[in-house]
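The values are calculated or read from the model by the stated rules, or taken from the named source; none is laboratory data. Only a predicted model underlies this, so the values are computations on that prediction, with no experimental measurement involved. Ideal geometry is used to build each Cβ from the backbone, glycine not excepted, and the neighbour counts take in all protein chains shown. These area figures cover heavy atoms from the full protein model, side chains too; ligands, DNA and RNA do not enter into them. Shrake-Rupley method; radii C 1.70, N 1.55, O 1.52, S 1.80 Å.
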Amino acid sequence: MESLLELMRRHHEERERLVKLMTEENVAKKQTVRDQIYSEHRIKALLDQYQGATKALKDLYEDETERKAEIAALSGPNEFNEFYSRLKQIKEFHKKHPNEVSIPLSVEFEELQKAFQNPEAMAALVDFTDEEGYGRYLDLHECFDAYINIKGIEKVDYIKYLETFDHVFDIPKERKNSEYRKYLEKLLDYLHNYVARVKPLLNIDQELEQVNADFEKQWENGTFVGWPKETESALANQGAHLDLSAFTSWEECASLGLDRLKSALQALGLKCGGTLEERAQRLFSTKGMKNLDPSLMAKKVKSKDNTKEQARQKEIASLESHLYKYAELVSEQRAATKENVQRKQARTEGEREESDESEASAEESEDDTDDVPYNPKNLPLGWDGKPIPYWLYKLHGLNISYNCEICGNYVYKGPKAFQRHFAEWRHAHGMRCLGIPNTAHFANVTQIEDAITLWEKIKLQKHQERWVPEQEEEYEDSLGNVVTKKTYEDLKRQGLL
């Protein structure tokens, strides 16, 4: 029974309420990775609803004929007739539906917020496997099994696979067959699904469009990694020619080895398969011949088959370009997965089960933690913002306080911090204010009176140790008597020398 204008007003109100909810969700504090992912999924749901309301509102604004007709009916000369007509419709509707209640948008959004706060509803919205750890890690075990079963691929362990699953440019293109393509598609399907769950606000299609555009340019220029461009002349002139005039028998040719014989046969366009003896005999049979035996010639690849092969290679290369982009998007989770796998491999089965239980309980308890951690003994906080263990607190002697008067009665916790502070700026500044150099003589001196007394003692000792020429410089007279400088000068003035 809503009119066109009322429907437009409702869409405007819905858009404003959605913007408010998205703003509140965006500024809310997220303590864990799971909270961050759930928050992005809530924003994505609100954003989709916002886009739907915007599209419906745009359609209503573009329908100018119906909108103008309704405005004319409300503002025309018979506006009261229109009013009573609509009032009659409303009364008839409520007679047929006496228990019908109009639910305002505020109530609908309150129920939406309650649904968002329900953990079960959010768990149904996005699901992760146990190995993925609520989006913190990758679960590539199925892709790893498919990879190591590809014929001709080097077998690696799971950790090595995590490091190099995007290094497909190291695989020779001769081994990139249909089995390899199925593996690549399976890997891309998983990464696409994982990125959509972990980063729901990321526009994956737009990212891949840019990747495809860059790929087309690189493929045309022959600069795409792992797929160098090959021209027809290069394909036709593969191999290196061999001068047969220096050979007298096919046994001498066989001494060159399989690879060199194959290269020489390819250069002549001959068949290059077979054993070492067959290749040597086939190559030596062409010595001195201008026209080669057609039965020895290799089959030429039809241009149609060549075009089909190039199209197949381009499709595989395009999939590899997508893999490079996905590997870039999940680089953080990839490093965390490697560390998690190495940590699990270093534990026994019992320790692994206990660790899984502790991680699960930690995830559950993180939702109920307050901003201020429980710290009744006033212990220092660690790197994770939680109090350090009490045994570590006692081990480092952090329960012992040291007071330094020279630093302005500053208190240092633990012997390590106390010993380190003598070389820091605070103590050096206090010594400079006292006019005393901050040398090793004043180590462990914290009282101002003790520092001044020690400085006076050091100055007196240095004064006593100073060299005095009048008393310590010696002279010798003509008779060989050794006297001090003062005595010598006195005797000289008296003329006794």
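Residues of segment 308-365 being among the basic types (Lys, Arg) and either assigned to a helix (DSSP H, G or I) or at pLDDT 85 or above (or both), which ones? Steps first, answer last, please.
Let us first name the residues in segment 308-365 that are among the basic types (Lys, Arg), namely 308, 312, 314, 325, 334, 338, 343-344, 347, 352.
Of everything in segment 308-365, those that are among the basic types (Lys, Arg) and either assigned to a helix (DSSP H, G or I) or at pLDDT 85 or above (or both) turn out to be Lys308, Arg312, Lys314, Lys325, Arg334, Lys338, Arg343, Lys344, Arg352.
Taking Gly414, is it in contact with a Leu (Cβ under 6 Å, 6 or more places away or on another chain) and under 30 Å from Ile448 (Cα atoms)? In short, yes. Screening segment 253-282 for residues that are open to solvent by less than 30 Å² (accessible area, probe 1.4 Å) and hydrophobic (A, V, I, L, M, F, W, C) and picking the one that is nearest to Met297 (Cα to Cα) gives Leu270. Counting the residues of segment 152-209 that are open to solvent by 70 Å² or more (accessible area, probe 1.4 Å), outside any helix (DSSP H, G or I) and of a type in the set (Asp, Glu) gives 2. Are any residues in segment 441-497 touching a helix residue (DSSP H, G or I) at 6+ places or on another chain (Cβ under 8 Å) and over 30 Å from Gly430 (Cβ atoms), and if so, which ones? Hits for segment 441-497 are Pro469, Glu470, Gln471, Glu473, Glu474, Tyr475, Asp477, Val483, Thr484, Lys485, Lys486, Leu497. Considering only segment 474-481, I want to know if a residue exists there that is assigned to a loop (DSSP other than H, G, I, E, B) and polar (S, T, N, Q). Checked against the condition, which is being assigned to a loop (DSSP other than H, G, I, E, B) and polar (S, T, N, Q), segment 474-481 yields at least one hit. The residue that is farthest from Leu46 (Cα to Cα), among those in segment 115-130 that are open to solvent by 100 Å² or more (accessible area, probe 1.4 Å) and modelled with pLDDT under 80, is Glu120. Identification of helices (runs of 4 or more DSSP H) wholly contained in segment 230-290 with 2 or more residues that are at pLDDT 80 or above yields 250-254, 258-268, 276-284. Within the set Trp391, Trp383, Trp425, the sole residue that is open to solvent by 80 Å² or more (accessible area, probe 1.4 Å) and at pLDDT below 80 turns out to be Trp383.
Restricted to segment 120-143, and to residues there that are touching a residue at least 40 places away in the same chain (Cβ under 8 Å) and part of a helix (DSSP H, G or I), the residue that is farthest from Leu187 (Cα to Cα) is Met122. Would you check if Ile90 is in contact with a Gly (Cβ under 6 Å, 6 or more places away or on another chain) and either closer than 20 Å to Arg9 by Cβ or open to solvent by less than 100 Å² (accessible area, probe 1.4 Å) (or both)? It is false that Ile90 is in contact with a Gly (Cβ under 6 Å, 6 or more places away or on another chain) and either closer than 20 Å to Arg9 by Cβ or open to solvent by less than 100 Å² (accessible area, probe 1.4 Å) (or both). Residues of segment 426-439 include at least one that is in a helix (DSSP H, G or I) and under 24 Å from Leu381 (Cα atoms).
The residues listed here are Ser85, Ser39; of these, the one that is under 29 Å from Tyr137 (Cα atoms), of a type in the set (Gly, Ala, Ser) and surrounded by 11 or more Cβ atoms within 10 Å (Cβ to Cβ) is Ser39. Taken over segment 1-24, the criterion of being assigned to a helix (DSSP H, G or I) and either within 23 Å of the chain's Cα centre (by Cα) or without any contact (Cβ under 8 Å) to a residue 40 or more places away in the chain (or both) is satisfied by Glu6, Arg9, Glu16, Leu18, Val19, Lys20, Met22, Thr23, Glu24. Considering the conditions (1) closer than 30 Å to Val411 by Cα; (2) assigned to a helix (DSSP H, G or I), Gln471 is excluded by exactly one of them, (1). In segment 439-478, the qualifying residues are those that are in contact (Cβ under 8 Å) with a residue 40 or more places away in the chain and hydrophobic (A, V, I, L, M, F, W, C), and the one that is most open to solvent (accessible area, probe 1.4 Å) is Ile448. Scanning segment 440-452 for residues that are small (Gly, Ala, Ser) and part of a helix (DSSP H, G or I) yields Ala440, Ala451.
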